[in-house]
Amino acid sequence: MISLNLFLIVYLCVYLVSSGGNLFIEKINANHLKKSGGKVPEVFRGTIDEEELKKINQYTFDNTNFSLVQTITGEIVFLAIILSGVLPWFAMTLSSFNFVVAGLVFFALPAVVSAVIGLPFSYYHNFVLEEKYGFNTTTFKTWTFDLVKGVLISAILGGILLSALFLMVRYAGNTWWLWTWAIFLGFQLLMTVLYPTVIAPLFNKFTPINDPDLKKDIEELAEKEGLSIKGIYQMDASKRSRHTNAYFSGLGKTKRIVLFDSLIEAHHADEIVAVLAHEIGHLKKNHIKKQMAIMTVASFFIFYLASKMILWETMYQSFGFSMMPVYAGLFLVGVLWQPAGFFLSPMAMSISRRFEREADLYCLGITKSAEPLVRALKKMAKENLSNLMPHPLYVWFNYSHPPLTERIKRLEEYETSRS
């Protein structure tokens with residue numbers, strides 16, 4: 001166990017505030033639902049009845065309880081790793097190794113521990129919680145293969161990125177952070193291009209829309225918006241889950257709008273076209289490019305600060321390190337930055353919700369009516385057992401999309417005002 005000093009005490013206080021804040025927000029969201037979740041919101045009447053609302057609420061409660069247990073377990077394991085003294089001991093053990101190899105092994109230890117601890121939670125979520133509510137369609141074999149593929153991809157890509165980072169710190173002098181920042185941006189851009197065409201197909205099958213009537217509607221919409229229909233796919237999501245969704249990814253020639261096959265099976269053509277129009281809205285409004293621009297600016301400052309923090313002897317000593325190996329410094333920078341995610345989350349979520357509202361309005365401009373998208377959103381809420389009455393604070397910190405009740409009200413009000 002490492003000794004406490006002022007630096008470490010301050011860090012632990014900030015960490016506990018962020019962790020406790022997350023748990024508190026989860027709890028008040030559940031309490032808010034218990035107090036106000038007994039009545040179907042007006043916009044959902046006729047789509048969801050009282051019994052279905054009870055099922056939705058119970059699904060939210062079960063997920064909240066699961067999340068609380070998983071989060072608390074993860075926090076305990078994390079604190080045990082950084083406070084037990086095992087990392088300084090491990091760094092000392094690796095001191096005779098090549099610095100790149102030592103760094104990769106050092107980073108692998110907490111990653112492996114985290115993955116092992118997460119396995120029973122992943123299994124429980126899929127085969128107990130999701131199974132209970134009829135969502136899970138995956139087999140143990142598919143689940144296992146997905147885990148193995150995910151670990152291998154993460155190990156390969158993470159190993160390449162970390163190796164480049166260690167080499168830059170060692171050989172690029174005081175400007176290592178600038179070169180590393182450029183490598184990071186290039187890596188992110190590469191992943192944006194490779195994910196839809198190389199990585200995602202390792203887990204799911206993507207095929208062009210095969211319903212002739214739906215295909216015709218999509219072709220007309222795509223032609224109107226100046227898009228190539230080659231980038232519109234359906235994904236065999238039902239192989240793993242009955243949840244419905246759609247998303248947009250990629251850049252340039254790799255741009256793809258993906259519809260879950262479960263969404264296509266459960267919705268009428270005009271509803272699917274409306275969902276597709278929403279995704280086109282993200283494309284036309286350049287939301288991915290804007291997100292990348294924000295990430296570019298933010299990462300510039302993060303890497304610059306990291307270049308200063310990595311030289312901070314107090315940081316190493318506070319976490320029990322007698323030496324200052326590059327890889328340990330980078331790991332500790334990540335440890336210190338971890339609580340920042342909680343405090344920055346409202347800003348990131350706010351930007352994302354703004355983009356979603358813009359895409360909704362763009363959809364309305366394309367389809368000339370809010371009704372198809374409203375029907376689609378109502379059905380998706382019912383199909384996915386979505387919480388219809390989240391607490392505003394929970395939305396502020398965790399919702400990348402506006403709550404469904406708010407989205408539907410906004411669309412209906414905009415339709416009324418336009419009429």
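The values are calculated or read from the model by the stated rules, or taken from the named source; none is laboratory data. Because the structure is predicted, anything quoted here is derived from the model rather than measured. Counting neighbours? That spans all protein chains shown, and the Cβs are built from the backbone with ideal geometry, glycine included.
Taking the condition touching a residue at least 40 places away in the same chain (Cβ under 8 Å) and in contact with a His (Cβ under 8 Å, 6 or more places away or on another chain), does Phe260 pass?
Numbers: touching a residue at least 40 places away in the same chain (Cβ under 8 Å): no; in contact with a His (Cβ under 8 Å, 6 or more places away or on another chain): yes.
So Phe260 fails the test.
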How many residues of the stretch 274-324 are over 30 Å from the mean Cα position of the chain (by Cα) and outside any helix (DSSP H, G or I)? The answer is 7
Only one of (1) assigned by TED's automatic domain parsing to the domain that holds Phe90; (2) free of Cβ contacts under 8 Å to residues at least 12 places away in the same chain is not met by Val335, so which one is it? (2)
So in the stretch 195-204, with the set limited to residues that are in contact with a helix residue (DSSP H, G or I) (Cβ under 7 Å, 6 or more places away or on another chain), surrounded by 14 or more Cβ atoms within 10 Å (Cβ to Cβ) and part of a helix (DSSP H, G or I), which one is modelled with the highest pLDDT? Ile199
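Quick grid of which residues meet (1) exposed (fewer than 13 other Cβ atoms within 10 Å of the Cβ); (2) free of Cβ contacts under 8 Å to residues at least 12 places away in the same chain; (3) over 30 Å from Leu283 (Cβ atoms); (4) of a type in the set (S, T, N, Q):
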site: Leu83; (1), (2), (3), (4): no, no, yes, no
site: Met92; (1), (2), (3), (4): no, no, yes, no
site: Ser96; (1), (2), (3), (4): yes, yes, yes, yes
site: Ala115; (1), (2), (3), (4): no, no, yes, no
site: Phe145; (1), (2), (3), (4): no, yes, yes, no
site: Leu162; (1), (2), (3), (4): no, no, yes, no
When Leu87 is run through (1) buried (at least 17 other Cβ atoms within 10 Å of the Cβ); (2) out of contact with any helix residue (DSSP H, G or I) (no Cβ under 6 Å at 6 or more places or on another chain); (3) within 14 Å of Met389 (Cα to Cα), the failure sits at (3)
Does Pro88 fit the bill of being free of Cβ contacts under 8 Å to residues at least 12 places away in the same chain and out of contact with any strand residue (DSSP E or B) (no Cβ under 9 Å at 6 or more places or on another chain)? no
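Filter the stretch 355-407 down to the residues that are in contact with a Gly (Cβ under 6 Å, 6 or more places away or on another chain) and assigned to a helix (DSSP H, G or I), then identify the one that is nearest to Lys27 (Cα to Cα). Talk me through it step by step, then tell me what you get.
Keep residues of the stretch 355-407 that are in contact with a Gly (Cβ under 6 Å, 6 or more places away or on another chain), which gives 359, 362-363, 389.
Next, only the ones that are assigned to a helix (DSSP H, G or I) stay: 359, 362-363.
Values: Ala359: 31, Tyr362: 35, Cys363: 35 Å.
If we take residues in the stretch 355-407 being in contact with a Gly (Cβ under 6 Å, 6 or more places away or on another chain) and assigned to a helix (DSSP H, G or I), then Ala359 is nearest to Lys27 (Cα to Cα).
Would you check if there is a residue in the stretch 172-186 being assigned to a strand (DSSP E or B) and either in contact with a Lys or Arg (Cβ under 9 Å, 6 or more places away or on another chain) or at pLDDT 85 or above (or both)? Steps first, please.
Here is the first cut: in the stretch 172-186, the residues assigned to a strand (DSSP E or B) are none.
For the stretch 172-186, residues assigned to a strand (DSSP E or B) and either in contact with a Lys or Arg (Cβ under 9 Å, 6 or more places away or on another chain) or at pLDDT 85 or above (or both): absent.
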Kindly establish whether Ile56 is surrounded by 14 or more Cβ atoms within 10 Å (Cβ to Cβ), part of a helix (DSSP H, G or I) and in contact (Cβ under 8 Å) with a residue 40 or more places away in the chain. yes
Residues that are closer than 22 Å to Phe355 by Cβ and not in a strand (DSSP E or B), drawn from the stretch 225-262: Glu225, Gly226, Leu227, Gly231, His243, Thr244, Asn245, Gly250, Leu251, Gly252, Thr254, Lys255
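Quick test for you: out of Thr192, Thr138, pick the one residue that is in contact with a helix residue (DSSP H, G or I) (Cβ under 8 Å, 6 or more places away or on another chain) and outside any helix (DSSP H, G or I). Break it down stepwise before answering.
On the way: Thr192 fails: outside any helix (DSSP H, G or I).
Within the list Thr192, Thr138, the selection yields Thr138.
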Checked the stretch 325-346 for anything surrounded by 18 or more Cβ atoms within 10 Å (Cβ to Cβ) and either touching a strand residue (DSSP E or B) at 6+ places or on another chain (Cβ under 7 Å) or assigned to a loop (DSSP other than H, G, I, E, B) (or both); matches are Pro325, Pro339
